[in-house]
Amino acid sequence: MPSPMAMIEFADYNPESDALFEVMCSVEKLAELCGQLYRYDSGRKSYDPILHALRDWEQANLIVIDRDFDVEAKQYKAMRIWIRPEFFHGLGFSASELREVVSSFSRWMEKQGLKESYQKRYAQHVLRLARANVASLETKHKLRNLLNKLKTLVIGKDEALKQEKKHLAKALKEKKALAKSLEAPESAEHAAWRRFEAWKVTQPIAAVIAFERQMKA
């Protein structure tokens, strides 16, 4: 079965991520770490003991698994896994201790100047999932609500509200940046007119009138 330490090692502890404790590696990688990855001469790989253990943990409400079936390929897509707080409680962590783990991780990132790089790493993880044949959360509102609820249980309502405000501000910033990137480039005539309008408000009215008469002459 997968080692709890392997799951913990690859979990995402960043409170600014969409959900807490996502296992940021594939099931195949977990199997390899636990010595349960079997390779056959045909090239096929197998890790059935890991899959069985994950299903048992899921049924025991220790982890959350998202699965999607690929109709065209007629097989399941790669799953996504999140560790529930109960998983940590079973290892001896109290609710307050688990909250402190997350808070400490956030403070450590801030102190080491790693916050931005970790956010980029998470963004790359999400992008990789979007490009790969991996289960998607886009239309799964019930699952997303569950993950948000579990995150709030760990970090508290006040911190969850603060993180939600950060997400909204970031989304608004990205939306503005996207809208700006889609705008047609400004013409030279429009740029000159804009500079003229800005210049007018800094000059005496007599100077403006004299300049306009000179331009029309």
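Examine the range 77-97 for a residue that is among the aliphatic types (A, V, I, L, M) and part of a helix (DSSP H, G or I), and state whether such a residue exists. The answer is yes, given that some residue of the range 77-97 is among the aliphatic types (A, V, I, L, M) and part of a helix (DSSP H, G or I).
Candidates in the range 64-85 are the residues that are free of Cβ contacts under 8 Å to residues at least 24 places away in the same chain and not charged (D, E, K, R); of these, the one that is most open to solvent (accessible area, probe 1.4 Å) is Y76. Put simply, of K142, K120, K115 the only residue that is more than 25 Å from K29 (Cα to Cα) and open to solvent by 50 Å² or more (accessible area, probe 1.4 Å) is K142. For the condition within 26 Å of the chain's Cα centre (by Cα), at pLDDT 90 or above and open to solvent by less than 80 Å² (accessible area, probe 1.4 Å), what is the one hit in F93, F88, F10, F105? Being within 26 Å of the chain's Cα centre (by Cα), at pLDDT 90 or above and open to solvent by less than 80 Å² (accessible area, probe 1.4 Å) holds for just one of F93, F88, F10, F105, which is F88. Being over 18 Å from F10 (Cα atoms) and not in a loop (DSSP other than H, G, I, E, B) is the filter here; which residues of the range 66-76 pass it? F69, D70, Q75, Y76 - these are the residues of the range 66-76 that are over 18 Å from F10 (Cα atoms) and not in a loop (DSSP other than H, G, I, E, B). Exactly one residue out of E22, E28 is closer than 25 Å to Y122 by Cα and either in contact (Cβ under 8 Å) with a residue 60 or more places away in the chain or buried (at least 17 other Cβ atoms within 10 Å of the Cβ) (or both), and it is E22. I need a count of the residues in the range 50-63 that are open to solvent by 10 Å² or more (accessible area, probe 1.4 Å) and under 20 Å from V126 (Cβ atoms). Total satisfying the criteria: 0. Within the range 4-29, the residues that satisfy the criterion of being of a type in the set (A, V, I, L, M, F, W, C) and assigned to a helix (DSSP H, G or I) are M5, A6, M7, I8, V27. All of (1) at pLDDT 85 or above; (2) open to solvent by less than 50 Å² (accessible area, probe 1.4 Å) hold for P2 with one exception: (1). For L33, the test of being farther than 20 Å from A123 by Cα, at pLDDT 90 or above and either among the aliphatic types (A, V, I, L, M) or open to solvent by 50 Å² or more (accessible area, probe 1.4 Å) (or both) is failed.
The values are calculated or read from the model by the stated rules, or taken from the named source; none is laboratory data. Remember, predicted model here, so these are calculated numbers, not experimental data. Here the Cβ is made from the backbone with ideal geometry for all residues, glycine too, and neighbour counts use every protein chain on show. When the accessible area is computed, the model is the full protein with side chains, heavy atoms only, and any ligands, DNA or RNA have been set aside. Shrake-Rupley method; radii C 1.70, N 1.55, O 1.52, S 1.80 Å.
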